[in-house]
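Each remark here refers to the structure printed beneath this line.
The values are calculated or read from the model by the stated rules, or taken from the named source; none is laboratory data. If you're wondering where the values come from, they're calculated on a predicted model, not measured in any experiment. Quick reminder, even Gly has a Cβ in these numbers, built from the backbone with ideal geometry, and neighbours come from all protein chains shown.
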Amino acid sequence: MVQDAYYLKSDARRFAEWNGSDSLSLAYQSFLQESFVPGNLSRKQKALIATAVSIVLGSAYSIQCQADRAKEEGATKEELTEAMFVATNVKAGAAASHGVNMLNAYDGQGGEELYRSSYLRRLNEFFVINKKNAQSFMHFHHTAMSEGVLSAKDKELIAIACAHTTRCPYCIEVHVRAAKEAGVEKEAISEAVFVAIAVHAEASHIHLQSALELFQM
C-alpha cells in the first residue's frame, strides 16, 4: 500500500535510480547537467534562478534540491529570500496582468486576439477601480525588483525565468525589456530560460517515485 505521505526528502536521493540507460534517458540527463554548467551565468546565478522557478512551480522536491544546490554554490539565505520574493512578484504579476483579459471580457473588447501588448495599458484602470490595492501591489513590485543583495540584472534574469514558468506573455515582455535596459545580454537571458526548462523537466521526473508507488497499490 502506498505510504500516507506523498513526498519524502529521502525520495530525492533516489532520483538517480529512475534514470534509464536508453538514448532518450541519456540525452535527458545530459541536458539537465548542461543546463547548470557555468557560461554567461555562474553556477550560483543558475542555482538561484532554479530555486525561484521551483517556488513558482510549487514543487517541494525541486525546492529542496535547488536550494541545496544554491547553498553549495555559496548563495546566502538573504539572496535566496530575495530570489523568492522576485518569484512571488512574478507569480502575482501574472495574475494581475491577466486582469486586463478580465476587463476585456467584461467590456466585450479585445476582439479575436487574446494577447496583445497594447492590452497592458488597461492596467492603469485598476488604479481607478481599486486604487488602494493597485498602489499596494505596485509598491511591492518595485520593492521586490529593486537592487538589494541581488543586483537588478540578477533579479530580472530570475523574473524572466519565472515568467516563462507562469507562461505569462505580458510578464515576459515587461521583464525582458527591463533586463535589456539593465544591460543584460540575450545570451544570459537564453541561459536563464534553459534553467527554467530544466527545472520544469526535473520537477516532473522527480515525481515518478509517487507514480510508481501508486501503480503498485
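I'd like to check something: does the range 7-23 contain any residue that is part of a helix (DSSP H, G or I) and either at pLDDT 75 or above or within 15 Å of the chain's Cα centre (by Cα) (or both)?
Yes, the range 7-23 contains at least one residue that is part of a helix (DSSP H, G or I) and either at pLDDT 75 or above or within 15 Å of the chain's Cα centre (by Cα) (or both).
For the range 46-109, which fully contained helices (runs of 4 or more DSSP H) count at least 2 residues that are surrounded by 23 or more Cβ atoms within 10 Å (Cβ to Cβ)?
Helices (runs of 4 or more DSSP H) meeting the threshold: 60-72, 77-97.
Just give me the residues in the range 86-135 being among the small types (Gly, Ala, Ser), closer than 25 Å to Gly58 by Cα and out of contact with any Cys (no Cβ under 7 Å at 6 or more places or on another chain), in sequence order.
Those that are among the small types (Gly, Ala, Ser), closer than 25 Å to Gly58 by Cα and out of contact with any Cys (no Cβ under 7 Å at 6 or more places or on another chain): Ala92, Ala95, Ala96, Gly99.
Looking at Ile172, is it closer than 26 Å to Ser35 by Cβ and buried (at least 22 other Cβ atoms within 10 Å of the Cβ)?
So Ile172 fails the test.
For Leu150, which of the numbered conditions (1) of a type in the set (A, V, I, L, M); (2) touching a residue at least 60 places away in the same chain (Cβ under 8 Å); (3) assigned to a helix (DSSP H, G or I) fails to hold?
(3)
Any chance the range 122-136 includes a residue that's touching a residue at least 40 places away in the same chain (Cβ under 8 Å) and either basic (Lys, Arg) or exposed (fewer than 13 other Cβ atoms within 10 Å of the Cβ) (or both)?
no
Of all residues in the range 173-193, which are of a type in the set (A, V, I, L, M), in a helix (DSSP H, G or I) and in contact with a Ser or Thr (Cβ under 9 Å, 6 or more places away or on another chain)?
Val174
Looking only at the range 33-45, count how many residues are under 13 Å from Ala201 (Cβ atoms) and either surrounded by 15 or more Cβ atoms within 10 Å (Cβ to Cβ) or modelled with pLDDT under 85 (or both).
Of the residues in the range 33-45, 2 are under 13 Å from Ala201 (Cβ atoms) and either surrounded by 15 or more Cβ atoms within 10 Å (Cβ to Cβ) or modelled with pLDDT under 85 (or both).
Can Met102 be described as at negative phi and over 18 Å from the mean Cα position of the chain (by Cα)? If you could, list the steps in order and put the result at the bottom.
Details: at negative phi: yes; over 18 Å from the mean Cα position of the chain (by Cα): yes.
Judged against the criteria, Met102 is a match.
Looking only at the range 184-192, decide whether some residue is over 16 Å from the mean Cα position of the chain (by Cα), surrounded by 15 or more Cβ atoms within 10 Å (Cβ to Cβ) and farther than 20 Å from Ala50 by Cα.
Looking for residues that are over 16 Å from the mean Cα position of the chain (by Cα), surrounded by 15 or more Cβ atoms within 10 Å (Cβ to Cβ) and farther than 20 Å from Ala50 by Cα, one finds none in the range 184-192, hence no.
Could you tell me whether Glu202 is assigned to a helix (DSSP H, G or I), surrounded by 14 or more Cβ atoms within 10 Å (Cβ to Cβ), without any contact (Cβ under 8 Å) to a residue 60 or more places away in the chain and in contact with a Ser or Thr (Cβ under 8 Å, 6 or more places away or on another chain)?
For Glu202, the condition - assigned to a helix (DSSP H, G or I), surrounded by 14 or more Cβ atoms within 10 Å (Cβ to Cβ), without any contact (Cβ under 8 Å) to a residue 60 or more places away in the chain and in contact with a Ser or Thr (Cβ under 8 Å, 6 or more places away or on another chain) - is not met.
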